[in-house]
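Here is the structure we will look at.
The values are calculated or read from the model by the stated rules, or taken from the named source; none is laboratory data. This is a predicted model, so every value here is computed, not measured. Cβ placement follows ideal geometry from the backbone for every residue including glycine, while neighbour counts extend to all protein chains displayed. With ligands, DNA and RNA removed, areas are computed over all heavy atoms of the protein, side chains included. Shrake-Rupley method; radii C 1.70, N 1.55, O 1.52, S 1.80 Å.
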Amino acid sequence: MSSSLCVLTGATGGIGQAIAKALYAKGWKLLLVGRNTQALEKLSRECPDSEIFTGDLTDDTTRIDLAIKAKQLGDVKLLINNAGINTMQSLEHTSNEQIDNMLMTNLSVPIKLCQLFLGQLEYTKGTIVNVGSSFGSIGYPFQTLYCASKFGLRGFTEALSRELNGSGVKVTYLAPRATDTSINSSKARAINKELGNKMDSPELVAQELLALISSNQTRRFIGFPEKLFARINGVFPSVVDNAIAKQLPKIKRFLS
Ligand SMILES: NC(=O)c1ccc[n+]([C@@H]2O[C@H](COP(=O)([O-])OP(=O)(O)OC[C@H]3O[C@@H](n4cnc5c(N)ncnc54)[C@H](OP(=O)(O)O)[C@@H]3O)[C@@H](O)[C@H]2O)c1
């Protein structure tokens, strides 16, 4: 695996930085992608020989420029779609622009990047990791758009994995639960605390990603009881309906 090229989106974020350092330690050559050049430069100093690419991935031309830059560096063996956004709010108070931005960033961008890099990944018999969430399996109040995007990403990943069966490309889905990064607002953190939800470290998520890519698994869910709830929700959703209904008054207290 030494010197294999990995394209990592969301590299400047909490989970992205931890993934970058974990992959660097394993000998991967990294193309670090984000919008914040200073943060990318700082990370590339911590992972020497890494390359950086600055740009907004919701922009069509930017994604094509990224693919060109990657091709110049070598053959991509690992694509990690990790960039994402979240805002915890009611649908009632969400603008059309916010709807489009969430679905574009969390769902359309990873789909389009998978399509863009497919040729290279077929050539290298590489791996895709789409970073989802436990909210990609459990519909949660005040997370409607985030859930829509991550449910969509999980479905897309599963379908593509089955479509590419036998091609040599491995398509995988990693679902962290709440993790200690700045994607979580102070309100989201307060709600997690009130409900007794555990928060993982980004480093733990990075180790789970390493375990995923070195295994035969195509999906990996992080954290108990979240991964159990995800399964129960698939089979007996009314059980989870009732559990979340009991939490709703507490959640609303923080969001009104
Ligand atoms: N933290 C959690 O609780 C949690 C739980 C489950 C799943 N996840 C998922 O884990 C992934 C990483 O999240 P995180 O916690 O590390 O969040 P974070 O610290 O807020 O980082 C988000 C990253 O996404 C990048 N990004 C956002 N919009 C972008 C755009 N339009 N173009 C290019 N880059 C963009 C950001 O780049 P800039 O900084 O340069 O803007 C940043 O690098 C996300 O997919 C998230 O949904 C997180």
Rounded to whole angstrom, the alpha-carbon centroid of region 77-97 lies from that of region 223-241 at a distance of 22 Å
Protection proxy (average C-beta count within 10 Å per residue), highest first, orders 121-128, 47-54, 11-18 as 11-18, 121-128, 47-54
Note, Lys246: beta-carbon cut-off 14 Å, +1 each Lys/Arg, -1 each Asp/Glu, net +1
Treating only Lys and Arg (+1) and Asp and Glu (-1) as charged, each at its beta carbon, one finds that region 190-256 has a dipole about its Cα centre, in Debye to the nearest 20, of 260 debye
Note, Phe117: beta-carbon cut-off 14 Å, +1 each Lys/Arg, -1 each Asp/Glu, net +4
Listed by chain and number, the aspartates and glutamates with an alpha carbon less than 18 angstrom from that of Lys246, same-chain partners under 8 positions apart left out, are Glu194, Glu226
Rounded to the nearest 10 Å², the 1.4 Å probe accessible area of Phe135 is 50 Å²
Label model pair Thr62, Lys198: point-to-point distance (7 angstrom along the Cα→beta-carbon line) in nm is 3.5 nm
Dividing the mean separation of Cα pairs under 8 Å (6+ apart) by the residue count of the chain yields a relative contact order in percent of 18 percent
Residue-normalised value, i.e. accessible area per residue, for region 5-255 at 1.4 Å probe, in Å², stands at 49 Å²
Expected sort for 83-91, 233-241 on mean C-beta neighbours within 10 Å, highest first, is 83-91, 233-241
In deg cm²/dmol, rounded to the nearest 500, the helical mean residue ellipticity at 222 nm of the chain, built from -39500 (n - 2.57) for every DSSP H run of length 4 or more, is -16000 deg cm²/dmol
Rounded to whole angstrom, the alpha-carbon centroid of region 137-177 lies from that of region 1-37 at a distance of 21 Å
Of all DSSP beta bridges with both partners in the chain, the antiparallel percent, nearest 5, is 0 percent
Of every hundred units of 1.4 Å-probe accessible area on the chain, the number belonging to carbon and sulfur atoms, as a percent, is 52 percent
